[in-house]
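The values are calculated or read from the model by the stated rules, or taken from the named source; none is laboratory data. Values in this document were obtained by computation on a predicted structure and should not be read as measured data. Backbone-built Cβ (ideal geometry, glycine too); neighbour counts: all protein chains shown. In case anyone asks, the SASA skips ligands and DNA or RNA and just uses the protein heavy atoms, side chains included. Shrake-Rupley method; radii C 1.70, N 1.55, O 1.52, S 1.80 Å.
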Amino acid sequence: SLEGDKLIAHRAGDVVVYAYAVENDVYEADTLSMTTVVSKVAQEIVWVQDLSNLYVLDTVVLNATAKTEVSYAVSNESVATVEGDKLIAHRAGEVVVYVYATESDVYEADTLARTILVAPLAQEIVWALDSLEMTVGDTLVLNAVATSGLEVSYVLDIEGVVLLENNTLVAQSAGEVVVTAVQEGDDRYMAAEEVSYTIIVVADVDAGFENLSGGQLNTYKVIRDGQIYIIRGEQVYDIFGNQL
């Protein structure tokens, strides 16, 4: 538009500007036209938001701004999705969030991309054994659970003392074994801190200490100062059958 001798641009496009020289007693009238191109104004998306502590299952309202309306998209919808201006994290990993400022009659379009890391959730193993002692032939069901609901597995530090079958320990021979509960995590949960117990397996004294002194003698198991002793007649043995 024109205000006196001022040309004011409102939106992008071509405009013809006419200049008129008026007629008077001396001069004839004259007209001149010039086509002027009005260009769009560049714009910049502004996005100042701390997303460094984004975890699986979080929902965050994105707050990017521009001169025109903005919209969002993501590079990997298995990691996160967008619903309007809400970013929803589904699993751990990296995802690129794209912000688009739309083009208008006045402003050029603009795009901004930002890589965001979605962190896994923490979990822990909850495990309490009723007994840390077994006799050869006993079975013990292992009942550790993870707060994530993921399945817990078990690892033995040595073989031969117990047999691990379907989360059940079967005592095979006298000795000590460390049983460790493990949950390695997945695309939502980080690995849990391992929990271990030391299991003591004692021999079946009636079967394992026959004829040590000859004849049939009374056999007792005694726990003193945290140690287990087998007393058969006048002899004392440790849980491995070694005479003391």
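Nonpolar atom fraction for the chain, defined as the carbon and sulfur part of the 1.4 Å probe accessible area, stands at 48 percent. Between residue 44 and residue 16, the contour length at 0.36 nm per residue exceeds the Cα-Cα span by 7.1 nm. Mind grabbing the base-10 log of I(q)/I(0) for segment 134-191 at q = 0.15, 0.29, 0.30 Å⁻¹? Debye formula, identical points on the C-alpha positions, no solvent, two decimal places. Each listed q maps to, in turn, -0.48, -1.19, -1.24. The figure for residue 34 is an accessible area of roughly 120 square angstrom, using a 1.4 Å probe on the protein chains alone. Note on residue 114: accessible area is roughly 70 Å² with a 1.4 Å probe, heavy atoms of protein only. What FRET efficiency would be calculated for the residue pair residue 29, residue 1, taking the C-beta separation as r and a Förster radius of 30 Å, to the nearest 0.05? Efficiency at R0 = 30 Å is approximately 0.80. For segment 1-58, the list of GluC sites (Glu not before Pro) that fall in a loop by DSSP and count at most 13 other C-beta atoms within 10 angstrom reads 23, 28, 44.
Ordered from highest to lowest accessible area with the whole protein assembly present and a 1.4 Å probe, 5, 110 read as 5, 110. Write down the percent of antiparallel bridges among all DSSP beta bridges whose residues are both part of segment 38-175, to the nearest 5. Given both bridge residues lie in segment 38-175, the antiparallel proportion sits at roughly 90 percent. Which of the listed residues, 19, 63, 43, is farthest toward the dipole's positive end in segment 3-81, when Lys, Arg count +1 and Asp, Glu count -1 at the beta-carbon? Going by the Cα projections, it comes out as 63. Sites listed here are chymotrypsin sites (Phe, Trp or Tyr not before Pro) in segment 65-128 whose DSSP assignment is loop and whose Cβ has at most 11 other Cβ atoms within 10 Å, and the list is empty. Within the same chain, aspartates and glutamates fewer than 8 places from residue 40 are excluded, and of the rest, those with a Cα less than 17 Å from its Cα are 14, 69, 103, 105, 108, 110.
If you place +1 on the Cβ of every Lys and Arg and -1 on the Cβ of every Asp and Glu, how big does the dipole about the Cα centre of segment 84-187 come out, in debye to the nearest 20? Please report the intermediate quantities before stating the final value.
On the way: 3 positive and 18 negative charges, 22 e Å.
For segment 84-187, the charge dipole is close to 100 debye.
Projecting the Cα positions of 175, 156, 102 onto the charge dipole of the chain (unit charges on Cβ atoms of Lys, Arg, Asp and Glu, taken about the Cα centre) puts 175 furthest along the positive direction. Out of these labelled values of Rg and Dmax of the Cα atoms in Å, (1) 18.5, 58; (2) 17.3, 53; (3) 40.4, 152, which was calculated from the coordinates shown here? Recomputing Rg and Dmax of the Cα atoms in Å here picks out (3).
Using only helices, what value at 222 nm comes out for the chain when you add -39,500 (n - 2.57) per DSSP H run of length 4 or more and divide by the total residues, to the nearest 500 deg cm²/dmol? Mind showing how you got there, number by number?
Numbers: 1 runs with 4 residues, N = 244.
Helix-only estimate at 222 nm: 0 deg cm²/dmol.
Report, for the chain, the % of DSSP beta bridges that are antiparallel, rounded to 5.
Numbers: 63 of 70 bridges.
Given both bridge residues lie in the chain, the antiparallel proportion sits at roughly 90 percent.
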